[in-house]
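**Q** The structure is given below, and queries will be raised subsequently.
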Protein chains: 2
Amino acid sequence: MRLVVEFMFLIVSAGAMLGQTHEKAKDAVLAADASWEKVYAVKDLDRSVAFCDKRASLLWPNMPIATGTAAVREAIAKDFAAGDLTWQANKVGLARAEDLAWVSGAYQWKLKDPSGKEFVDKGKYLTVWKKQADGSWKVLFDMFNTDVPLDSGR
Amino acid sequence: MRLVVEFMFLIVSAGAMLGQTHEKAKDAVLAADASWEKVYAVKDLDRSVAFCDKRASLLWPNMPIATGTAAVREAIAKDFAAGDLTWQANKVGLARAEDLAWVSGAYQWKLKDPSGKEFVDKGKYLTVWKKQADGSWKVLFDMFNTDVPLDSGR
């Protein structure tokens, strides 16, 4: 009986603790997303790659999946050369144990068409973040695609 | 001291339990992914929609995000009309508490180009699954994009 009471107490305490920290963890994930965007927007390659987990996969359009630091670095460098990318998160969610999180949002991508004319692609992204042993958050998956309809002439 | 020992015992038991069930949970997520693919491939609209959480978002190319059952239903119906989609999972992962999971894989999509000629688009997908109160897994996010390079002439 005493064990049961103690166990119940542990469960209730854990639940209360979780309620208090869930918002904090969401803020931490959103802060990681915003910090990544900041170094990405200024095309800081080292710091942009450093936001990705060692086993991260980039699932980006018009190329195969890029997995692992070397492939991630190559994909980001190519992306920096292709245009100017910015984004803003609009939704965040967490797994119960706060070890895994997702963020979705909107991106704007300034590019040049084959004739050299500038245009802005707009779309959405989904990033899965994984909490590291040191408590920081890193990108496990990142994916995006355009909102522009196929029949838009592009 | 007795409390500490009991607590340690609870933690160790929970850890052992987790180790035993993690593979089971991964299998359950992969089974959900495969079952969804089965009803999707035969264009069963009701059953395809039923695999999605009430607050699911489809982040599909060339359209804005579709969130919630009505928008999800409309997007899937449009997709059924556009072509024939099949897919296979190749990676699965779970949050520690087994409440959230991700699956990535490859898709094949038989479509017709504007001239009516058939072609097959190939790409990748990422699906975030959320465990429901009844223990079943439902789609929280689903996203895909093509592997075909931009300069392929399509």
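**Q** Taking residue B:117 in one copy and the same position in all the others, each labelled 7 Å out along Cα→Cβ, what are the pairwise distances from the first, in nm, shortest first?
**A** The projected label point of residue B:117 is separated from its counterparts by 2.5 nm.
**Q** Okay, moving on. PRE reach from residue A:150 (point 7 Å along Cα→Cβ): which of region B:61-85 fall under 16 Å by backbone N?
**A** It comes to B:61-64, B:75-85, nothing else.
**Q** How far apart are the residue A:22 label points across copies, placing each 7 Å from Cα toward Cβ, in nm, shortest first?
**A** 2.4
**Q** Tell me the distances, shortest first, between residue B:74 and the same position across the other copies, using label points 7 Å along Cα→Cβ, in nm to one decimal.
**A** With the label placed 7 Å along Cα→Cβ, residue B:74 yields 4.1 nm.
**Q** What are the GluC sites (Glu not before Pro) within region B:28-114 that DSSP puts in a loop, where the Cβ has at most 15 other Cβ atoms within 10 Å?
**A** Nothing satisfies the criteria.
**Q** Further, regarding this structure: Treating only the Cβ of Lys, Arg, Asp and Glu as charged (+1, +1, -1, -1), what charge dipole size does region B:29-154 show about its Cα centre? Round to the nearest 20 debye.
**A** Roughly 100 debye for region B:29-154.
**Q** Normalise the Debye intensity by I(0) for region A:46-154, one equal point scatterer per Cα, no solvent, then take log10 at q = 0.15, 0.19, 0.24 Å⁻¹ and round to two decimals.
**A** For the requested q values the scattering log ratios are -0.70, -1.05, -1.46.
**Q** Which chain A residue sits with its beta carbon nearest the axis carrying A onto B, and how many Å away is it, rounded to a whole number?
**A** Of all Cβ atoms in A, the one closest to the rotation axis yields A:95, 2.
**Q** If I take all pairs of Cα atoms in region B:64-126, what percentage of them are more than 20 Å from each other?
**A** 48
**Q** Related question: Go through region B:84-128 and name the trypsin sites (Lys or Arg not before Pro) that are in a DSSP coil and have 13 or fewer other Cβ atoms within 10 Å of their Cβ.
**A** Within region B:84-128, the qualifying trypsin sites (Lys or Arg not before Pro) (loop, at most 13 other Cβ atoms within 10 Å) are B:117.
Just so you know, all these numbers are worked out from the coordinates, no wet-lab data involved. Keep in mind that what you see is a predicted model, and the values were worked out from it rather than measured. Positions of Cβ are generated from backbone atoms using ideal geometry, with glycine treated the same way; all protein chains shown enter the neighbour counts.
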